[in-house]
Amino acid sequence: MTVNINLKELWNEQSPEIPDTKEIFEKADRFRKVSLRRLIYTNILLLLTSSFIAFVWYYFQPEMITTKIGIILTILGMIIYLIVYNLMIPMLMKSDYSINNSQYLKHLLKLKEKQRFLQTTMMNFYFIILSAGLGLYMLEYASRMKLVWAIVTYALTIFWMLFTFFYLRPKRIKKEEKAINDVINKFESLNSQISGE
């Protein structure tokens, strides 16, 4: 008695191999740790910058009201940005891998949404406030310079702000989006393979 087994058909009917979930969760954990580290560095940097600006105010005692308003706006912009950025801490601290894949995917999608808000709305607000504060702050010192040097100072400052806003910011946003999208794609792929889609 001969049994005809079609190996090719049997192979094709076989379900695709489900990726290693440990590897996916490790990638998610790496993303979480890098994001948390970036948040801590940003906090330290902006708090040190704010402290330095406050020290400059105290030490040099600016005379013009525009300088004082500029300092207040600059520090206020940094503090508001940090407050909103720090709202992501609970989401980044959460590393409960006992929840199922679809719940973790929802968690990542919420994190992406908050990250997007921070990268667009809050970053635009931050740059507007920072630019206004810096412009007002520089008025007192630029008024003491020769016109040529005042123009050069403002031109360099404006160039740096534009370079940061239109080149460095989009580059960072793209890098952060790629990192979270890679993790989200892995979880979406895992969920679709587990559900048999």
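Some notes on this structure:
- Look at (1) modelled with pLDDT of 95 or more; (2) open to solvent by less than 100 Å² (accessible area, probe 1.4 Å) and you find that residue 41 fails only one, number (2).
- Test: residue in the stretch 61-84 that is under 17 Å from the mean Cα position of the chain (by Cα), over 26 Å from residue 179 (Cα atoms) and touching a residue at least 24 places away in the same chain (Cβ under 8 Å): yes
- Residue within the stretch 115-124 that is touching a helix residue (DSSP H, G or I) at 6+ places or on another chain (Cβ under 6 Å), surrounded by 14 or more Cβ atoms within 10 Å (Cβ to Cβ) and of a type in the set (Lys, Arg) present: no
- Looking only at the stretch 144-176, residues that are within 17 Å of residue 63 (Cβ to Cβ) and exposed (fewer than 12 other Cβ atoms within 10 Å of the Cβ) come to 1 in all.
- Taken over the stretch 67-81, the criterion of being over 16 Å from residue 142 (Cα atoms), crowded, with 19+ Cβ neighbours inside 10 Å and among the hydrophobic types (A, V, I, L, M, F, W, C) is satisfied by 73, 75, 78.
- Any hit, the stretch 149-171, residues being assigned to a helix (DSSP H, G or I), hydrophobic (A, V, I, L, M, F, W, C) and in contact (Cβ under 8 Å) with a residue 40 or more places away in the chain: no
- Elements of type helices (runs of 4 or more DSSP H) in the stretch 63-148, at least 1 residues being within 19 Å of residue 170 (Cα to Cα) and hydroxyl-bearing (Ser, Thr, Tyr): 65-86, 123-143
- Looking across the stretch 88-102, the residues that are surrounded by 11 or more Cβ atoms within 10 Å (Cβ to Cβ) and either more than 20 Å from residue 192 (Cβ to Cβ) or modelled with pLDDT of 80 or more (or both) come down to 88, 89, 91, 92, 94, 95.
The values are calculated or read from the model by the stated rules, or taken from the named source; none is laboratory data. None of these values were measured; they are calculated from a predicted model. All Cβ positions, glycine included, derive from the backbone under ideal geometry; neighbour counts span all protein chains shown. We work out accessible area using only protein heavy atoms, side chains counted, and drop any ligands, DNA or RNA first. Shrake-Rupley method; radii C 1.70, N 1.55, O 1.52, S 1.80 Å.
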